[in-house]
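I have placed the structure first, in the form of structure tokens, so that the comments after it can refer back to it.
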Amino acid sequence: MKLVVLTLVVLIGVSAGGWCSKNRAFYSGFHRPGTAFENVDAAKAACDGDDGCGGVSIDRIPYREDAGGPAKYPQTIYLLSSSNVQKNPRGSWRYNAYVKC
């Protein structure tokens, strides 16, 4: 009985369009090169409305508009394409990701 309840909870969460956290995971390929977001919530909102977007990635390196320029955001947050999220991520201390479940 517990297995049935657990299965239903998981299926309801997946059908509701939730997000799965992938710590220390690097997915190659940006969905929109050059577009960085101020925070994860803004990136998730942009990704939710886009069928080609598979997730959001966070790079611990500050985002700079120009190389060597001042940091605009404390982290670089960008969208991932759905095709790249289907591939296995590479482990890296610099990155975390949130993918659509």
Estimated dipole of region 17-100 in Debye, rounded to 20 [Cβ of Lys and Arg +1, of Asp and Glu -1, Cα centre]:
420 debye
Region 41-87 shape via C-alpha gyration tensor axes, a/c threshold 1.5
prolate
Size of region 17-100 as Cα extents on the principal axes (Å, biggest first):
36, 27, 18
Among Asn88, Cys53, Ala42 - extreme Cα towards positive end, dipole of region 17-100, charges at beta-carbon
Asn88
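Computed from the coordinates by the stated procedures, all read-outs in this text should not be read as laboratory data. This structure is a prediction, so every number in the text was calculated from the model and none was measured. Here the Cβ is made from the backbone with ideal geometry for all residues, glycine too, and neighbour counts use every protein chain on show.
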